[in-house]
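S.K.: Handing you a structure now.
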Amino acid sequence: MVTPLAFRMRPRNLSEYVGQIDVIGDGTILREAINNDDLSSIILYGPAGTGKTSLAQVVSNMTSSVFEQLSAVTSGVKQVREVIADATKRRDESNLSTIVFIDEIHRFNKAQQDALLPAVEDNTITLIGATTENPFFEVNSPLISRSKIYVLKPLSNVDLHEILNNAIKDKERGLGKLKISFDKKALVHIVDTANGDARIALNGLDLVSRASLKRKGAKPSVNLKLAEEAMGKRAILYDRQGDAHYDTISAFIKSLRGGDPDAAIYWLARMIKAGEDPKFIARRMVILASEDIGNADPRALQVAMAAAEAVQFVGLPECRLNLAQAATYLAVAPKSNAVIKAIDKALIDVEREKIDPVPMHLRDTHYSGAKKLGHGKGYKYPHDHEGGFVEQSYLPENLEGLTYYNPTDSGLEKSIKEVLKKRKNKKKP
């Protein structure tokens, strides 16, 4: 069985490592630590195919420490303790240090991660953890505090082209001996489809190369058509339970809040294409309609609710139209956060301030004997007064005079602000 090209082309040293110059480029702390064989515990966080495992393998090749590798998928507390016991014995008897690489460390549960802590803390082992999930959510805080977090980004198209060209030219591990000709458009398609993932790019190159060798003809070659057949659709970085889920909906909401309908539509399309639950998108728009628009345009909530109902009634793919209509409306609607500021301020007072009884004039009078208890005494019925408004207190005595809702000058709230201003002026002696 032939070893996959992506595995064969893993970098053996830092000079062969492509990309992530912010993390491992010349002059960086991590590069110097690896070169000087003075590495402390680190966690490599980034999407698949960005070089986390490759970087760990480079460390393995360049360090004098014993390199142990564990997979969080197949290893448990027992295996962790065995590795730590061996590392302790190695340190005490031979003064040798140990580096432990744990792939997909986010899959370790709390007990498994806790088993690592004492050995990391006293430098019995140097930990290299690799994860596609946010370590601040998935890795125990004590391990986080004792490790340096390095964020690896999706590789650029330039990086991917370099990786593919290296594989094409390499006669020892790559495709150099096969003498396959590659159309530039085919390589561009492979790179574009890989979407920053070196593993996808190399697997695609491997696939089209083998396909070209099987075809009858003179010289094996890879053209755009073959690349399109092999690569299929672009890989979309999205995990409905992970960072991409939260980051993308965050970008969507911030685009709506910022008044950019084009950006909102783009992020909406990304979520739909990645298979996001349309009900989740609709719920977030309903929340935004009150949180960021409120009474500046009360119709925004109606539009968002109508879209949410349409999602239930129509479903995908047609409900993408309802979501898009709502998104564009919310994006261009006048904005106000007066509603959320009002309710949050009131909730703080409910929690912190003394809870006075409901004033007597505001109490319920719809049962026998209520008036004998004094309920409703002194209440002024607004409809008996000009304009349906009469000055009276509606707050508990200890909160008298407080203001929670402060309308902005945006949209309809400007009119609401004027009404409230006139009412307050009436109250002044």
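S.K.: List the residues whose amide H sits under 5 Å from the amide H of Ile43, counting only those 5 or more places along or on another chain, with H placed 1.01 Å from N in the peptide plane.
M.R.: Answer set, sorted by chain and number: Gly129, Lys148, Ile149, Tyr150.
S.K.: Something else about it: Just add up the charged neighbours of Arg146: K/R +1, D/E -1, any other residue whose Cβ is under 14 Å from the Cβ of Arg146.
M.R.: Values: positive: Lys148; negative: Asp114, Glu121, Asp122.
Within the 14 Å Cβ shell, the charges total -2.
S.K.: Ok, one more. What does the highest-first list of 76-88, 301-313 look like by mean Cβ count within 10 Å? Mind dumping the intermediate values first?
M.R.: Working: 76-88: 16.2, 301-313: 17.8.
The peptides rank, most packed first, as 301-313, 76-88.
S.K.: Please give the helix 110-121 orientation as an angle from the longest Cα principal axis of the chain, in degrees from 0 to 90, rounded to the nearest 10.
M.R.: 60
S.K.: For segment 113-270, what is the charge dipole size about the Cα centre, in debye to the nearest 20, if Lys and Arg each add +1 at the Cβ and Asp and Glu each add -1 at the Cβ? Don't jump to the answer; show the numbers that get you there.
M.R.: On the way: 23 positive and 20 negative charges, 248 e Å.
Roughly 1180 debye, rounded to the nearest 20.
S.K.: Could you give each residue of segment 24-32 its phi-based ³J(HN,Hα) in whole Hz, using Karplus coefficients 6.51, -1.76, 1.60 with θ = phi - 60°, and x for Gly or Pro?
M.R.: 10, x, 4, x, 6, 4, 5, 5, 5
S.K.: Taking H as built 1.01 Å from N, whose amide H comes closer than 5 Å to the amide H of Phe182, not counting residues under 5 places away?
M.R.: Distant-sequence amide H within range of Phe182: Val222.
S.K.: Run the reach check for Lys216 against lysines, Cα to Cα strictly under 18 Å, same-chain hits fewer than 8 apart removed. What comes back?
M.R.: Lys179, Lys225
S.K.: Another question about this same structure. In debye to the nearest 20, how big a dipole does segment 1-73 give about its Cα centre with +1 on each Lys and Arg Cβ and -1 on each Asp and Glu Cβ? Don't skip to the answer; put the middle values down first.
M.R.: Working: 5 positive and 7 negative charges, 72 e Å.
Approximately 340 debye in magnitude.
S.K.: Right, next: Can you list residues from other chains, or at least 5 along the same chain, whose modelled amide H is less than 5 Å from the amide H of Thr126?
M.R.: Amide H neighbours of Thr126: Thr98, Ile99, Val100.
S.K.: Specify the angular offset, from 0 to 90 degrees and rounded to the nearest 10, of the alpha carbon long axis of helix 184-194 from the longest principal axis of the alpha carbons in the chain.
M.R.: It is inclined by approximately 50 degrees.
S.K.: Using the Karplus equation 6.51 cos²θ - 1.76 cosθ + 1.60 (θ = phi - 60°), what ³J(HN,Hα) coupling, rounded to whole Hz, does each residue of segment 136-152 give in order, writing x for Gly and Pro?
M.R.: Computed from phi, the couplings for segment 136-152 are 5, 9, 10, 10, 4, 4, x, 5, 4, 5, 9, 10, 8, 8, 10, 9, 9 Hz.
S.K.: Which one of His383, Ser145, Leu205 is farthest out on the positive end of the charge dipole of the chain, using unit charges on Cβ (Lys, Arg +1; Asp, Glu -1) and the Cα centre as origin?
M.R.: His383
S.K.: With a cut-off of at most 14 other beta carbons within 10 Å, and DSSP calling the residue loop, which trypsin sites (Lys or Arg not before Pro) in segment 348-393 qualify? Please list them.
M.R.: On the way: sites: Arg352, Lys354, Arg363, Lys371, Lys372, Lys377, Lys380; in loops: Lys354, Arg363, Lys377, Lys380.
When the trypsin sites (Lys or Arg not before Pro) of segment 348-393 are filtered for loop state and at most 14 Cβ neighbours within 10 Å, Lys354, Lys377, Lys380 remain.
S.K.: Let me ask something else about it. Mind checking the angle between helix 413-427 and the chain's longest principal axis? C-alpha axes, 0 to 90 degrees, to the nearest 10.
M.R.: For 413-427 against the chain, the angle is about 40 degrees.
S.K.: Another question, if that's okay. Among His361, His383, His161, which one moves the most in a GNM of the chain with springs linking Cα atoms closer than 10 Å?
M.R.: His383
We did not get these values from a lab; they are worked out from the coordinates using the rules stated. No experiment lies behind these values; they were computed from the predicted model shown. We place every Cβ from the backbone using ideal geometry, glycine too, and count neighbours over all the protein chains shown.
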